[in-house]
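**Student:** To start, I am sharing the structure in question, which I have written as C-alpha cells.
What follows is calculated from the coordinates using simple rules that are stated; it is not laboratory data. None of the values given here were measured: they were computed from a predicted structure. Every residue, glycine as well, gets a Cβ built from its backbone with ideal geometry; the counts of neighbours run over all protein chains shown.
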Amino acid sequence: MPDLNPLIWWARLLALPNESRTKTIAMAFIVSGICALLVSSAAVLLAPMRDANLAAEREARLAAMLESMPGLADIVAQYGADSLETVVVDLETGEPTDIDPATFDIAAAAEVPETSSIIPGEADIAGLGRIADLAPIHILREDGELRLVILPISAVGYQSTIRAHLALEGDLNTVAGLSIIEQGETPGLGARIEEPAWQALWPGKELAGDDGEIRLSVVRGRATSAFEVDGITGATRTGNAITAAIHFWLGDYGFDDVLANLRQGAGLQ
Amino acid sequence: MKRLQHLYTPLIDNNPVTLQILGICSALAVTTSMTTALVMSLALIVVLVASSMIISAIRHHIPTSIRLILQITIIASLVIVADQVIQAFAFDISQRLSIFVGLIVTNCLVLGRAEAFAMRNPVGLSALDALGNGLGYGLVLLLIGFVRELFGAGTLFGQTVFPTIHDGGWFTPLNLMLLAPSAFFLLGLLIWAIRSVRPAQIEPVDYEISIEPNRRAP
C-alpha cells in the first residue's frame, strides 16, 4: 500500500539526486510558486497605499497649477476644489475620452507618431511642428453650470518652447487668467512673462469679437482695447509667441471643437 | 575572527564597484542626490542579503541545470517586492529612482554574489558576504552622491550647504556634476585613488601593442 503521508513524499523528493528530472521540475515549480505568492501578496497588500500616493500626487500637481494662477485659487476656493475635474479630450472631434488624466502624458504623446499629428507649415503659427491628438483640460462647474475651463497652450518663443495654462470663464470668451508653466526666454526680457505683474494683466480680457474670430493678442506698447494685452519692451518675439499660442490652440488644430461642444453643453458632462 | 573578513573586505579591498567594476550603471544613474543614493543602496542591500540567504539555504537542492533561472527568479521576486514597498512608503523617492530599483535584477552584483558565494557557503556566511558587498556598493554610491549633490546643487540630503547664486548666495553650481558623465569621472578618480594607495588592486596588463620599427603595413 502506498504511503500517503506528504512529509514522506517531501523527504523522498529532497533525497533525490539534484540532477534527476523529477527534482528539477519539482524545484522549478516550487520556487516559482513561492515567488509568485510573494509578489502577488505584496502587490495586493500595498495597492491601497500606492493608489493613495498616486491620488495625492495628482492633487498636488493640480494645486501647484492653480497656485501659479493669480486669483484663480480664490475662484476655486469659492466653488470648492472638488468640483474641478480633469478630462482628456480629443482635439479632432472635441469629444472627451475615457483616458485617465493621471496616466496621460501629453509630452510623451506628442513625440510618438501614432498619438500625434504633424501641423502643416502654413497653419503652424505656433511653430510646434507636431502636437498630440489628445490634451488634458480642467473644467469647473457650479450647479451643472460651466464656470471655468483651463486649457494647456504652448508655442515656440524666441529661444524656448513656452507652455502656459489659459483659463477661460464660463462664457468661454473672457480670460480668467494666464499662467506660464515653462519657458526659457531671455532673462530680464522675454522671461518677464513669468512675472505675476504681467500675468495679472490678463484676467478680464476678451478672446473673440462678435464675429467669432480670435482677436486677443499681445501688442507692442500699451493695450488699447479688451482684445489687447500690454507687450513687454524688448520681448516682441516672446509676446508674438504668446499671441500665436492663443490663436493656434483656440483655432482649427486646437481646442475649437472642444469649446464648441462646451458651448452647446453637450458631450463634456 | 575570520568570519567577519567576509563583511569588511568587500568595503575597500574587494569592493564590488571599484575593484570588480560591477553595478556601475545604477551607480551612475542614482547618484545625483544623497537621498536617492541612500534609498537605492538600502534597497540593494535588502535584496542582496535576502536573496543570498534564500539561495544559500536551498543550495543543496538546486539542480545545476536550472540554477541561474532559479537564482534570477528569487532575485526578481525580491526586487519587485522591494519596489512595491518603496512605492508605498516613499512615493516621491520612487518617482526619482524611476526604473532603477527594478533594474537591481540586472545588477551583476546580486547574481554575482549568489553564483560565486551563496551557492557554496552556509547561510550565515552568505548573509555576511552579501551585507559586506551591499555596504561596499552603498559606500561608493554615497561617496559619489556626496560629491555630485554638494558641488552640483550645493545641498546634502536636500539641505542647503552652499547657498547658490540663484538663492542669493555665493556658490555657482557645477551643472556638469548633475549629468551622467561626471559620475564616470568621479568613479574613475576614485578607482585611481584606491589603486594608488593599494597597488595590489592594479590588474596585470592583458596585452600590449608592440610597435616594430621595421614592420610595413601589407
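**Student:** Under 5 Å between amide hydrogens, which residues at least 5 positions from A:Arg215 or on another chain qualify, with H placed 1.01 Å from N in the peptide plane?
**Tutor:** Amide H to amide H, under 5 Å and 5 or more residues apart or across chains, A:Arg215 pairs with A:Ala208, A:Gly209.
**Student:** Another question, if that's okay. Taking only DSSP H segments of four or more residues, each worth -39500 (n - 2.57), what value at 222 nm results for chain A once the sum is divided by all its residues, to the nearest 500 deg cm²/dmol?
**Tutor:** Taken over chain A, the calculation gives -11500 deg cm²/dmol.
**Student:** Given Cα pairs under 8 Å that are at least 6 residues apart, what percent is the relative contact order of chain A?
**Tutor:** Taking the mean separation of contacting Cα pairs over the length of chain A, I get 14 percent.
**Student:** Here's another thing I want to ask about it. Quick check: from the Cα gyration tensor, does segment A:114-267 come out rounded (a/c under 1.5), prolate or oblate?
**Tutor:** oblate
**Student:** Would you grab the residues whose amide H sits under 5 Å from the one on B:Leu156? Only those 5+ places off in sequence or on another chain, please, with H modelled 1.01 Å from N.
**Tutor:** HN-HN under 5 Å from B:Leu156: B:Val161.
**Student:** May I ask for the equivalent-ellipsoid semi-axes of segment A:115-177, computed as the square root of five times each C-alpha gyration tensor eigenvalue and listed largest first in whole Å?
**Tutor:** 27, 14, 10
**Student:** Report the Cα centroid-to-centroid distance between segment B:50-68 and segment A:90-105 in angstrom, as an integer.
**Tutor:** Taking the Cα centre of segment A:90-105 as reference, the centre of segment B:50-68 is 49 Å away.
**Student:** Here's another thing I want to ask about it. Can you list the HN-Hα couplings for segment B:44-51, worked out from phi with the Karplus curve (6.51, -1.76, 1.60; θ = phi - 60°), rounded to whole Hz and with x for Gly and Pro?
**Tutor:** After applying 6.51 cos²θ - 1.76 cosθ + 1.60, I find 5, 4, 4, 5, 5, 5, 4, 5 Hz.
**Student:** Could you give me the ³J(HN,Hα) list for segment B:53-66, computed from phi with Karplus coefficients 6.51, -1.76, 1.60 and θ = phi - 60°, whole Hz, x at Gly and Pro?
**Tutor:** Coupling constants for segment B:53-66: 5, 5, 5, 5, 5, 9, 5, 6, 10, 8, x, 4, 5, 10 Hz.
**Student:** Another question, if that's okay. Give me the percent of DSSP beta bridges within the protein assembly as shown that run antiparallel, rounded to the nearest 5.
**Tutor:** Taking every DSSP beta bridge with both residues in the protein assembly as shown, the antiparallel ones total about 90 percent.
**Student:** What stretch of chain A, leaving out the sites themselves, is the longest with no GluC sites (Glu not before Pro) in a DSSP loop having at most 14 other Cβ atoms within 10 Å?
**Tutor:** In chain A, the maximal stretch lacking such sites is A:112-212.
**Student:** Averaging the inverse of every distinct alpha carbon separation and then flipping it gives the Kirkwood radius. What is it for the protein assembly as shown, in angstrom units?
**Tutor:** 27.6 Å
**Student:** From the phi of every residue in segment B:137-150, what ³J(HN,Hα) in whole Hz does the Karplus formula 6.51 cos²θ - 1.76 cosθ + 1.60 yield, where θ is phi - 60° and glycine or proline is x?
**Tutor:** For segment B:137-150, the Karplus curve yields 5, x, 4, 5, 4, 5, 4, 5, x, 4, 5, 5, 6, 5 Hz.
**Student:** What is segment B:58-209 by shape, rounded, prolate or oblate, if you read a ≥ b ≥ c off the alpha carbon gyration tensor as root eigenvalues and call it rounded for a/c under 1.5, prolate for a/b larger than b/c, and oblate otherwise?
**Tutor:** Since a/c reaches 1.5 but b/c is at least a/b, the shape of segment B:58-209 is classed as oblate.
**Student:** Starting from the Kirkwood Rh over alpha-carbon pairs, what translational D in µm² s⁻¹ does segment B:48-112 have by Stokes-Einstein at 20 °C and 1.002 mPa s?
**Tutor:** 169 µm²/s
**Student:** Right, something else. If you take the square roots of the eigenvalues of the alpha-carbon gyration tensor of segment B:1-145 and sort them as a ≥ b ≥ c, do you get rounded (a/c under 1.5), prolate (a/b over b/c) or oblate?
**Tutor:** Because a/c hits 1.5 or more and a/b fails to exceed b/c, segment B:1-145 counts as oblate.
**Student:** Using amide H atoms built 1.01 Å from N in the peptide plane, name the residues 5+ places from A:Arg141, or on other chains, whose amide H lies under 5 Å from its own.
**Tutor:** A:Glu85, A:Arg147
**Student:** Short version: what are the Cα gyration tensor semi-axes of segment A:6-54, square root of 5 times each eigenvalue, largest first, in whole Å?
**Tutor:** 36, 11, 5
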